Every structure is written in C-alpha cells, then in structure tokens.
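Worksheet for the structure shown next.
The values are calculated or read from the model by the stated rules, or taken from the named source; none is laboratory data. Computed from a prediction, not measured in an experiment: that's the story for all the values here. Cβ coordinates were reconstructed from backbone atoms using ideal geometry, including for glycine residues, and neighbour counts include every protein chain displayed.
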Amino acid sequence: MNVTERLRTAPEPDVAVETDPAARRALVIELVIVGVLTFGFSALSALLSLIDAQLSAGGIGSTTVAINPKQADVGWIDLIRQLMSASRLLAIGALAVYLLWRSGLKLGTLGLGRPQRRDVPPGLALAALIGLPGLGLLAAAKALGLNADLVASQNDGPWWQYVTLVLMAIGNAVAEEIVVVAYFLVRLKQLGVGKNSSLAASAVLRGGYHLYQGFGGGLGNLVMGVVFGRWYQATGRVWPLVIAHAVIDVVAFLGYALLHDHLGFVTGS
C-alpha cells in the first residue's frame, strides 16, 4: 500500500469530545501544565531569543546557535549530562503517553501502540520530503540574513559524541512527535477543537520553539508541523513521524560533525 492509499484508508485517532465540565477543566489544566513543562515555554523563550538577536547589531544573521553544545569541560561529566539530556527528552514523551493512558484512552487507537515494520517506509519517505527541502530553506534563509549560523554538533568532540548525538536525535523525535502531535492533537480533539484549528495550533507551536534558530528555522518547522500533523490526523500513526524526525536529526547532527567544513552554505561558517 502506498502513502496515498494509506492516507485514504487509515482511520484518524478515535477520540470522543469530552462534554463533562469538570473533565474539560481538568484537560485544560493538564494542557497548561504540560505546555509549561515542555514546549510551550520553550516557544516563548525561543521568540524572546529571536527578538533579542534581531535588536542586536547585525540581527539574527550575525549570531551563532549551538544546537548540541558541550555541557562540561570534563569529558565524563559532559557525557553524563548529554545522556541526561537525552533521557529527559524520552521522559517527556513517556509522560505524555502515560497521561493519555491514565485518562482511559487506548494507546493502540492513538497510534501509540508497539512500533511496526510498516512504519519504516513512510517514515523514511517523510524524512526525505521534509529534510531535503528544509536544507534548501535553511540555506536560503542564511543567505538572506534571516537565520543564525547553526552549529549542529561539535566537530572535534570525543568518539562517544556520535552515540550521544544519535540518542539526542531519538530523544528529540520521541518528545516532539508524541507531545506536539499525538498528545496535543488528541487533547484538543477531546475539547472539541476543529481539525484544522488543532493542526494550525500544533504547527505554530512547533515552529515557535525553533525560532531561536531564526526565521528560516521557524518557518521550516512550521511547514513540518503542518505535514506531520496532517499525517497523524489522516492515519492515526505516530511512529512514522518519530522515525522521520529521528532520521532528519541523525543526518543533521552526524553530518555536521563529519562534514562541517563543507556545509558553509547552510551554517555560514
């Protein structure tokens, strides 16, 4: 079955609209708490970082953003902190899954059941669909001075950085796709928010917490949010999105670490 056929035949997540006032209030409170602890405040912080950079001499185009910086000068402490960062991202995704399960929803109906082999082909296809144009968008935004110089990873780090970069890529994918797509869209559907409005909110949130990279990073992730969110609404499957996101980040992180001298057209270096 190809991607188009799957979009036509697979059901969207089966979630009923919550009508009990007390339960609706609880959902709103939960959404606020999760937003504060995860990507809601991250979006606000990223917006403030962008404004601060724009008001500085040279604007966002003259700044440099390290996406996976060294976290300690002592090697083994850096390693532990990198592993802690990846673990925190996985815990964020796990928290969202737990909250959905604890509220009585069946994870299988939300696309959060056990990953399957059939999730891999659409995941790789989505990675290509988003990753290649996204690279071009970042290059264009950097050339126009609308994006920061992005340092995706250390280019002279220890051997174990390749392991931690892969773990960070997986952590990013799990946290973002489960929280910003599955959890967020399910909860909004329970509150009776329309499909298009929910999709727009999810995409804006995703674009928002990437604004620290610049306008190109924000716009590219906004588009990614629209594509990924609509995929989930149409198919009810999360794991292809996790696979796609992980592949994009692994290529970006390891690619920069190995080929940084040849990526000046994107990073400005």
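Matching residues to (1) β-branched (Val, Ile, Thr); (2) buried (at least 19 other Cβ atoms within 10 Å of the Cβ); (3) part of a loop (DSSP other than H, G, I, E, B):
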residue	(1), (2), (3)
Arg237	no, yes, yes
Val242	yes, yes, no
Asp249	no, yes, no
Tyr256	no, yes, no
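(1) touching a residue at least 24 places away in the same chain (Cβ under 8 Å); (2) within 26 Å of Leu83 (Cα to Cα); (3) touching a Leu at 6+ places or on another chain (Cβ under 8 Å): which one isn't true of Gly207, the others all being true?
Among (1) touching a residue at least 24 places away in the same chain (Cβ under 8 Å); (2) within 26 Å of Leu83 (Cα to Cα); (3) touching a Leu at 6+ places or on another chain (Cβ under 8 Å), the lone unmet condition for Gly207 is (1).
Please find, among Ser202, Ser198, the residue that is more than 25 Å from Gly59 (Cβ to Cβ), under 14 Å from the mean Cα position of the chain (by Cα) and not basic (Lys, Arg).
After ruling out the rest, the residue left standing is Ser202.
Out of everything in the range 89-106 that is surrounded by 15 or more Cβ atoms within 10 Å (Cβ to Cβ) and farther than 24 Å from Tyr162 by Cα, what residue ends up being nearest to the chain's Cα centre (by Cα)?
Per the criteria, the residue is Ala96.
Is the range 164-183 home to any residue that is in contact with a Phe, Trp or Tyr (Cβ under 6 Å, 6 or more places away or on another chain), touching a residue at least 40 places away in the same chain (Cβ under 8 Å) and not in a helix (DSSP H, G or I)?
There is no residue in the range 164-183 that is in contact with a Phe, Trp or Tyr (Cβ under 6 Å, 6 or more places away or on another chain), touching a residue at least 40 places away in the same chain (Cβ under 8 Å) and not in a helix (DSSP H, G or I).
So which of Ala141, Ala169 ends up being aliphatic (A, V, I, L, M) and under 17 Å from the mean Cα position of the chain (by Cα)?
Ala169
For every residue, the table says whether it meets (1) of a type outside the set (A, V, I, L, M); (2) closer than 23 Å to Leu37 by Cα.
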| residue | (1), (2) |
| --- | --- |
| Gly131 | yes, no |
| Leu135 | no, no |
| Ala140 | no, no |
| Asp149 | yes, no |
| Ser153 | yes, no |
| Val163 | no, no |
| Ala173 | no, yes |
| Val179 | no, yes |
| Lys189 | yes, yes |
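Of the conditions (1) surrounded by 14 or more Cβ atoms within 10 Å (Cβ to Cβ); (2) over 21 Å from Gln71 (Cβ atoms), Ala86 fails just one. Which one is it?
(2)
Would you confirm whether any residue within the range 130-137 is part of a helix (DSSP H, G or I), over 14 Å from the mean Cα position of the chain (by Cα), small (Gly, Ala, Ser) and modelled with pLDDT under 95?
yes
Among the listed residues Gly207, Gly220, Gly229, Gly214, identify the single one that is modelled with pLDDT of 95 or more, more than 13 Å from the chain's Cα centre (by Cα) and crowded, with 19+ Cβ neighbours inside 10 Å.
Of the residues listed, the single one that is modelled with pLDDT of 95 or more, more than 13 Å from the chain's Cα centre (by Cα) and crowded, with 19+ Cβ neighbours inside 10 Å is Gly214.
Check Leu99, Leu129 and return the single one that is over 23 Å from Val223 (Cα atoms) and not hydroxyl-bearing (Ser, Thr, Tyr).
Leu99
Every residue in the range 107-120 that is in contact (Cβ under 8 Å) with a residue 40 or more places away in the chain, surrounded by 12 or more Cβ atoms within 10 Å (Cβ to Cβ), closer than 16 Å to Leu241 by Cβ and not acidic (Asp, Glu), please.
Residues satisfying the conditions are Leu110, Gly111, Leu112, Pro115, Val120.
Just one of Gly194, Gly145 is touching a residue at least 60 places away in the same chain (Cβ under 8 Å) and among the small types (Gly, Ala, Ser); which is it?
That would be Gly145, the only listed residue that is touching a residue at least 60 places away in the same chain (Cβ under 8 Å) and among the small types (Gly, Ala, Ser).
So, of the residues in the range 47-83 that are free of Cβ contacts under 8 Å to residues at least 40 places away in the same chain and not in a helix (DSSP H, G or I), which turns out to be surrounded by the fewest Cβ atoms within 10 Å (Cβ to Cβ)?
My answer is Ala57.
Any residue in the range 20-36 that's without any contact (Cβ under 8 Å) to a residue 60 or more places away in the chain and more than 18 Å from Ala182 (Cα to Cα): show its pairings with residues that are acidic (Asp, Glu) and surrounded by fewer than 12 Cβ atoms within 10 Å (Cβ to Cβ) at Cβ separation under 7 Å, as long as the two are six or more apart or on different chains.
Once the first residue is without any contact (Cβ under 8 Å) to a residue 60 or more places away in the chain and more than 18 Å from Ala182 (Cα to Cα) and sits in the range 20-36, no partner that is acidic (Asp, Glu) and surrounded by fewer than 12 Cβ atoms within 10 Å (Cβ to Cβ) comes close enough.
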